[in-house]
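A quick write-up on the structure given underneath.
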Amino acid sequence: MQLTIWLPHRLLVKALCQKVMADSTEGAFTLLPRHIDCVARLVPGILLYLQDGQEHLVAVDEGVLVKCGDEVRVATRQAVLGGDLGELRDRIDREFLARDEWERKVRSAAARLESSLVRRFLEFSKSA
């Protein structure tokens with residue numbers, strides 16, 4: 001299979017591989033060359049691919065994986081190549097999950113501001 005991992009600004013991985021393992025919103029899964037085509041929404045975690053009998057690890061942020069024929073394409077906001085599983089797990093916790101929590105707080109604050117604005121707009125229109 002031809003694996004490509006794309007970041008917003010560059011191509012991170014382009015490799016011929018025999019197996020791809022990743023984590024999705026539906027759980028962990030493995031892709032082999034003759035598996036059915038699929039699309040999966042990735043969650044922050046470790047993506048493993050087997051190339052020439054050697055395992056390679058990539059810490060990936062949220063993203064999308066598409067398997068079509070012999071091609072597996074991954075698009076993600078952030079990814080880090082690495083060899084040490086513990087270090088990659090720590091990095092996911094520190095960077096990817098912390099940023100996701102911060103973004104969730106920002107979206108929540110924006111929603112509160114928007115609802116307050118709408119409420120005040122309605123109050124203003126009733127008094128006019």
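The numbers here are math on the coordinates, done by the rules we state, and not lab data. This one's a predicted model, so the numbers in the text were calculated from it and none came from an experiment. Ideal geometry is used to build each Cβ from the backbone, glycine not excepted, and the neighbour counts take in all protein chains shown.
Screening residue 86 on (1) of a type in the set (Gly, Ala, Ser); (2) in contact (Cβ under 8 Å) with a residue 24 or more places away in the chain; (3) part of a helix (DSSP H, G or I) shows it passes everything except condition (2). Figure legend. Inter-residue proximity from the stretch 30-53: first residues of a type in the set (Asp, Glu), second residues surrounded by 17 or more Cβ atoms within 10 Å (Cβ to Cβ), beta-carbon distance below 9 Å, spacing 6+ or different chains. Indicated pairs: 37/67; 52/17.
Consider the stretch 7-24 and keep the residues that are under 16 Å from residue 81 (Cβ atoms) and of a type in the set (D, E, K, R). The one that is surrounded by the fewest Cβ atoms within 10 Å (Cβ to Cβ) is 10.
Here is a check on your reading of the model: is residue 65 surrounded by 14 or more Cβ atoms within 10 Å (Cβ to Cβ), in contact (Cβ under 8 Å) with a residue 24 or more places away in the chain and over 13 Å from residue 7 (Cβ atoms)? The answer is yes for residue 65.
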